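Encoded as structure tokens, the structure appears first; notes follow it.
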Amino acid sequence: MHHILELLDAAAARRPDGPAVCDERCCLTWSQVKAEAEAVGTALAKLDVQRRPVALYLARGAACPLAMLGTLAAGGFYAVLDPAQPADRIQRILQRLRPAVILTDDADCDAAGSAGAQAGVPVLRYEQAAQTAPDAALLAGARAGTIDADLAYVLFTSGSTGEPKGVAVTHRNVLAYSEWAVEAFRFDETTVFGNQTPFYFSMSVTDLFGALRAAARLEILPRRLFSFPVQLLEYLTARGVNTIYWVPTALGIVANWKALDYTAPPPLRAVLFAGEVMPTPCMNYWRRHYPDAVFANLYGPTETTDICAYYVVDRDFADAEPLPIGRPCENCGVLLLKDGRAAAPGEEGELCARGSFVAAGYYAMPDKTAERFVRNPLQPDYPETIYRTGDLARLDGDGLLRYCGRIDSQIKHLGYRIEPGEVEAAAQGLPGVEAAVCLYDGQRARLALFYQSRRKLDDALRAHLAGALPPYMRPAVLHRMRAIPQNANGKLDRAALRGLLDELE
């Protein structure tokens, strides 16, 4: 197998009338998905997009994954743009990507046209493309011209300098990763994914291509429901969702409001999470309501397609006990490097990944690619590329990987090295603390802790931290927030909080 659309062919042959991609307004079967992808693919192939990028300027909904598949059918690769993103960021992405065409819908046509005119890129309406008569010969030629090392998509992440970095992911990457995901979590035709993450975020890769490989169903959840946890759970029940893969912040919305106590729990059998550290009290709340479900902590950057290590929760954890990130995925290698050598057991090292999940590099950014996608220093006899994640980890006594934070977020305070995550985990062990972010205020040489709670807990939290942390790790200032801000991917927005440091007393 060398082309992602071989998975679509198999799904449509196996379950032609089975529900495939659904949103609030429509639900398409696998045969309908295949037919529409071929129509869109024909329209794009006529524009000669073979091995060229197509920018998808589409709102969240069923049309977006169909546009992705249509781009692949035309022999191109896609990059999903969020119409809600600032126009300046869209322009920076378009200038980097230089797409052959922008594919958009009627609702966003004016904004996409303006962005395209500024970047010198033509625009095609999705509704028009979907009405194109499929050309089997044209599509066969596009398929024959594609190999597994060709790009499938470019996913733009935020660079540390503010310049978006496009992670270039191949057909081979997606095929290898989706094979692991389906086998590891036994996704099958009865699986119904409740998609929470945007399609420009790597976690959506598991939802979409897991559903594609298993001929399962992808339910695209309305974003507004994540402000109304009871309604969200009722929607999951009504749609028969049994598998969710969400960022911990989204799971925390339900846990913080104790929403599972007030409605019949949806029929979930798998609760997966990634993207940031999972607060253990949040996971424990969900596990109490789903004692028979599979819970798994997944770890990996966009540069490893989605995940390179995982831990299936197989025991009880105390609220203040952090979860491990587990073991490498099958057919995925993980190295811990310290000063160019392998870190000793228990010693922290930079987590690096190798194997078929590792992306091709950063799109049109050779310097950044050379900085992060490097030769394996432990393999001197032949060139092997590994990806340096910039994350620190160690192996514990059970052989499990433990996340130790970012290399660039380590705090040196009073001569000690402090990991913010350890402070945050301790704070979240106090009942009533729904989320916590620890930052270092370098201008005033102090630790600051932002915590989310429905009531002020400063005194109780100070007493709790005094019993959990040594003096040098205790924050000098605590700041309660009703809701810690989130970024576009649903993660806690540390950059926004850093901007508030000057306002703290």
Within the stretch 341-367, tally of residues that are modelled with pLDDT under 95 and assigned to a helix (DSSP H, G or I): 0
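Going through the stretch 187-224 one residue at a time, which ones are part of a helix (DSSP H, G or I) and of a type outside the set (Ser, Thr, Tyr)? Step through it out loud before you land on a result.
Initially, the stretch 187-224 is screened for residues part of a helix (DSSP H, G or I), giving 203-214, 223-224.
Correct list: Met203, Val205, Asp207, Leu208, Phe209, Gly210, Ala211, Leu212, Arg213, Ala214, Arg223, Arg224.
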task: Tell me the strands (runs of 3 or more DSSP E) entirely within the stretch 384-456 that contain at least 2 residues that are more than 28 Å from the chain's Cα centre (by Cα).
output: 411-413, 416-418, 446-452
- request: Return the total of residues in the stretch 329-367 being on the phi > 0 side of the Ramachandran plot and out of contact with any Leu (no Cβ under 8 Å at 6 or more places or on another chain).
  value: 5
Meets criteria (free of Cβ contacts under 8 Å to residues at least 60 places away in the same chain and either touching a Lys or Arg at 6+ places or on another chain (Cβ under 7 Å) or open to solvent by 50 Å² or more (accessible area, probe 1.4 Å) (or both)) for Arg125: yes
- prompt: Of all residues in the stretch 415-466 being modelled with pLDDT of 90 or more and acidic (Asp, Glu), which is surrounded by the fewest Cβ atoms within 10 Å (Cβ to Cβ)?
  reply: Asp459
query: For the stretch 93-106, does any single residue satisfy the condition of being in contact (Cβ under 8 Å) with a residue 24 or more places away in the chain, open to solvent by less than 40 Å² (accessible area, probe 1.4 Å), under 23 Å from Ala488 (Cα atoms) and among the basic types (Lys, Arg)?
result: no
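Against the condition closer than 30 Å to Leu97 by Cα and of a type outside the set (D, E, K, R), how does Pro366 come out, does it pass? Working first, answer last.
Values: closer than 30 Å to Leu97 by Cα: yes; of a type outside the set (D, E, K, R): yes.
Here the answer is yes, as Pro366 does meet what is asked.
Considering the stretch 247-277 alone, what residues qualify as being outside any loop (DSSP other than H, G, I, E, B) and either open to solvent by 20 Å² or more (accessible area, probe 1.4 Å) or not small (Gly, Ala, Ser) (or both)? Please lay out each step first, then the result.
Our first condition is that a residue be outside any loop (DSSP other than H, G, I, E, B); within the stretch 247-277, this holds for 248-256, 259-261, 270-273.
If the condition is that a residue be outside any loop (DSSP other than H, G, I, E, B) and either open to solvent by 20 Å² or more (accessible area, probe 1.4 Å) or not small (Gly, Ala, Ser) (or both), then Pro248, Thr249, Leu251, Ile253, Val254, Asn256, Leu260, Asp261, Val271, Leu272, Phe273 are the ones that fit.
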task: Select from the stretch 470-505 the residues that are open to solvent by less than 70 Å² (accessible area, probe 1.4 Å) and assigned to a helix (DSSP H, G or I) and list them in ascending order.
output: Tyr472, Met473, Ala496, Leu497, Leu501
- request: Scan the stretch 92-110 and give yes if some residue there is hydrophobic (A, V, I, L, M, F, W, C) and assigned to a loop (DSSP other than H, G, I, E, B), otherwise no.
  value: yes
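The values are calculated or read from the model by the stated rules, or taken from the named source; none is laboratory data. Quick caveat: nothing in here was measured; it's all calculated off a predicted structure. Please note: Cβ atoms are built from the backbone with ideal geometry, for glycine as well, and neighbour counts cover all protein chains shown. Accessible surface is based on the protein model in full, side chains and every heavy atom, while ligands, DNA and RNA are left aside. Shrake-Rupley method; radii C 1.70, N 1.55, O 1.52, S 1.80 Å.
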